[in-house]
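S.K.: Quick one: this structure, given as structure tokens, is what I'll be asking you about.
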């Protein structure tokens, strides 16, 4: 490997997107330290269940020596030594078994006793997935609360809403932001309430899941094998129990659940970022923009929504990783085949690293949204005469008019006013047209700008719905994570 990092490929997820916290979870040091903690837990469990034997499988001195090395953490020298051994053995787990044994000469004979590689790797991988999922859960909560703050700030600011990206009815800026937050809260609810059963570990099952090696190790005593696995779960600090049946690995279908949950979160982030990009084009909402930030190398006036564009790019990547998990789960022949390993080394960490980066970016955007109220009002008022027609129609019918006839007259006038706006560049004169039509004589006195063109008359329950979102979703999250959200880090290192 080239000594200079500029002479080799480095994943942009590590160098530009993911946070230090998420990078640590998927780092080699953390993985191999987790392997070592599992070997220690195995040795402790074997000592516990055989300490009363005339010849215990593992003696206390071996456990204590192993504990001392494991608890200090793997050193750079040991990492280099393990890599050196692996080049010869072509087996990463056995390389680390030998490396650990060199640091623990007394414990060396009992390290990995009775185990297959996946007794270590699967339990460690699932632990890393759990830790990464907890970090994602917290960042989700932080992003939802940040959106809540923005929703609260602009809950009373009326704006146009859209269906089919065509003008629909007025809503409020805060209500739209609350809708983004509520969508994210659905993803949060799904991922944060998986329950302890979901986080069961593979446990210690041996080469094909039958525990044959451990039956041999404990002289065919089933109860001792059961107690050994219980002790391992206790010593490893996982405490969620273990799966009843596995092959050589934990069920790879579990990876599909995790990656599809990540993709669900990613899809909501993509939708929010896309909405902001669309509104940025309308000059209504901007993402935060640095004082010295450059929007374009050629066009100095531009304020490109760079963060939201990055969010869309990263989340698209996360959504497309789900297929890897499905393919891997579907092609695990019989008790196991090894083609899962090289794929999962990519798909699992990178799904979390990319989603982590996208959540950090969305938190930054949500915390610094720029709402251009003057432009929002200008766009809204240009369309408001059209939006008032439903109320005008209902009032005219109450005054004795025929709903179908009046609807047709409004349609004709609205099309003419729309042509005037779009083809001639003139102001919207729909209200004046209706005031001049005898069919609306009964309600003519109410067809005034003061009576009709207050946009807050048309936003329905937008403000109330926003306030309920804040009370029922945001505040409980804020209380639940009161001591954690402020300490969360993040990353904003590039495009």
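S.K.: Please work out whether region 345-495 counts as rounded, prolate or oblate from its C-alpha gyration tensor, where a ≥ b ≥ c are the square roots of the eigenvalues and a/c under 1.5 means rounded, while otherwise a/b larger than b/c means prolate and anything else oblate?
M.R.: Here region 345-495 falls in the prolate category.
S.K.: Still on this structure: What FRET efficiency comes out for the pair residue 343/residue 432, r = Cβ-Cβ distance, R0 = 60 Å, nearest 0.05?
M.R.: With a Förster radius of 60 Å, E is 0.35.
S.K.: Determine the distance separating the Cα centre of region 389-448 from the Cα centre of region 141-166; give it in Å without decimals.
M.R.: 31
S.K.: Does region 205-261 come out rounded, prolate or oblate, given a ≥ b ≥ c as the square roots of the eigenvalues of its C-alpha gyration tensor, rounded meaning a/c under 1.5 and, failing that, prolate meaning a/b above b/c?
M.R.: Judged from the Cα gyration tensor, region 205-261 comes out oblate (a/c at least 1.5, b/c at or above a/b).
S.K.: Run the Debye formula on the Cα coordinates of region 389-452, all scatterers equal and no solvent, and tell me log10 I(q)/I(0) at q = 0.13, 0.16, 0.21, 0.25 1/Å.
M.R.: The Cα Debye sum returns log10 ratios of -0.33, -0.49, -0.81, -1.07.
S.K.: Another one. What length, rounded to one decimal in nm, is gained on full extension from residue 257 through to residue 326, with 0.36 nm per residue of separation minus their alpha-carbon distance?
M.R.: 23.9 nm
S.K.: Modelled label-to-label distance, residue 162 and residue 67, 7 Å Cα→beta-carbon offset: nm?
M.R.: In this crude spin-label approximation the distance works out to 6.3 nm.
S.K.: Using only Cα atoms and rounding to the nearest 10 degrees, what angle (0 to 90) does helix 253-281 make with the longest principal axis of the chain?
M.R.: It works out to around 30 degrees.
S.K.: Let me ask something else about it. By the gyration tensor of its Cα atoms, with a ≥ b ≥ c the square roots of the eigenvalues, what is the shape of region 1-110: rounded for a/c under 1.5, prolate for a/b over b/c, or oblate?
M.R.: Here region 1-110 falls in the prolate category.
S.K.: Further, regarding this structure: Calculate for the chain the 222 nm mean residue ellipticity that helices alone would give, adding -39,500 (n - 2.57) per DSSP H run of length 4 or more and normalising by residue count, nearest 500 deg cm²/dmol.
M.R.: -20000 deg cm²/dmol
S.K.: What number, in percent, do you get for the relative contact order of the chain if the mean sequence gap of Cα pairs under 8 Å and at least 6 apart is divided by its residue count?
M.R.: Result for the chain is 21 percent.
S.K.: Calculated FRET efficiency, residue 7 and residue 377, Cβ-Cβ r, R0 51 Å, to nearest 0.05?
M.R.: 0.40
S.K.: Please compute the modelled spin-label separation between residue 316 and residue 83, points set 7 Å along Cα→Cβ, answer in nm with one decimal.
M.R.: Taking the simple label geometry, residue 83 and residue 316 are separated by 3.4 nm.
S.K.: Could you tell me how many degrees, from 0 to 90 and to the nearest 10, lie between the Cα long axis of helix 28-50 and the main elongation axis, the longest principal axis, of the Cα atoms of the chain?
M.R.: 50
S.K.: Going highest first, how would you order 411-418, 465-472 by mean Cβ packing within 10 Å?
M.R.: Final packing ranking: 465-472, 411-418.
S.K.: Here's another thing I want to ask about it. Within 10 Å, count the other beta carbons around each residue, average over each peptide in 196-205, 367-376, 215-224, 244-253, and list them highest first.
M.R.: 196-205, 244-253, 367-376, 215-224
Read-outs: derived from the displayed coordinates by stated rules, not from any lab. Because the structure is predicted, anything quoted here is derived from the model rather than measured. No Cβ is skipped: glycine too gets one built from the backbone with ideal geometry, and neighbour counts run over all protein chains shown.
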